Each structure stands twice: as C-alpha cells, then as structure tokens.
C-alpha cells in the first residue's frame, strides 16, 4: 500500500489506542513545559528540553516535526485525535505474551498491507495452545491449534477407528 507524500506516519512502536492516548498526554505536557519555559526564560538561562519517550521520538522523526512550532503541535494533536476516533482496530489474542519485536513486525505488516493507521490490541488466551485469534469489528478468525484440532476431530476419530480395525 503506497503512502502519499506528506502523509502522517505512525511509527510501528505506536501499537494501540493506549499508545495514542499516552502520546497525546506527553505532547500536552511537553507543550505546557515549553510554554511555561518561554514565559520564564531569560537570556542568561539555558532552555533545557525535557526527556521524551522513545515512542514520541520516533513519531517526531518519522514525520520530521519541529514541536517548538505551535502549528506543528496542533497538527500532530489533530492527527492523533483523528486516528484515535477513526482508525481501524484489530485485536490479536495469543496463548502467551509475544515479544515486543514480534509485535512491531506484525504492526509493520498490517500498516503496509491493510491500513497505514491500523491500531492493534494484544490479548492473552492461554487455552489457545498455539497460534492466534484475530478479531476486527465484524469478523473473527481463529487460527489456533486448538481450533484446528476441533475442526479435524472427526477425521482423527475416523483414522483411529480405521487403525484399530486393521
């Protein structure tokens, strides 16, 4: 899926709605800090920026932002609000907690092949054994080993009966 020039880019570290909300809080705090510093700033004092999270750093880098400019701050907040309200969401359930590198790879693939703003929620279902369950707003795909065994149960029973008869 091609991205148009100048389009807002969500870095793969921004996985789900919780990350969007965290980014918005961090941006608000950063902008408030910059505003307060500008009011108190004197020529002999050095203005030090607070440490930002890796996720915010990636968002700034991916979109080539200068958050010292109010219009860019407002643009980012508007984009994050739009993503929070309209982005497609996918819920993935695994039998165990996936690694962060694995989640990033899944998010990258989904954003390249499904939608550039898709948000992913990760859940745990220990009863799956292996595989995953994928849910969207109107579909569910059970790609688990448990589901595969349940659907293949009649065949397994038939093969066991054929083997016992022989």
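For region 96-103, check the following and say yes or no: at least one residue is surrounded by fewer than 16 Cβ atoms within 10 Å (Cβ to Cβ), part of a loop (DSSP other than H, G, I, E, B), without any contact (Cβ under 8 Å) to a residue 24 or more places away in the chain and under 16 Å from the mean Cα position of the chain (by Cα).
Scanning region 96-103 turns up at least one residue that is surrounded by fewer than 16 Cβ atoms within 10 Å (Cβ to Cβ), part of a loop (DSSP other than H, G, I, E, B), without any contact (Cβ under 8 Å) to a residue 24 or more places away in the chain and under 16 Å from the mean Cα position of the chain (by Cα).
Taking strands (runs of 3 or more DSSP E) that do not extend beyond region 107-162, which have at least 2 residues that are closer than 30 Å to residue 23 by Cα? So that I can check it myself, show each step before the final result.
On the way: elements: 119-124, 132-135, 140-142.
The qualifying strands (runs of 3 or more DSSP E) are 119-124, 132-135.
Where a number appears in this text, it was derived from the coordinates with a stated rule and is not lab data. Note that the structure is a prediction, hence the values are computed from the model and not measured. Don't worry about glycine lacking a Cβ; one is built from the backbone with ideal geometry, like all the others, and counts go over all protein chains shown.
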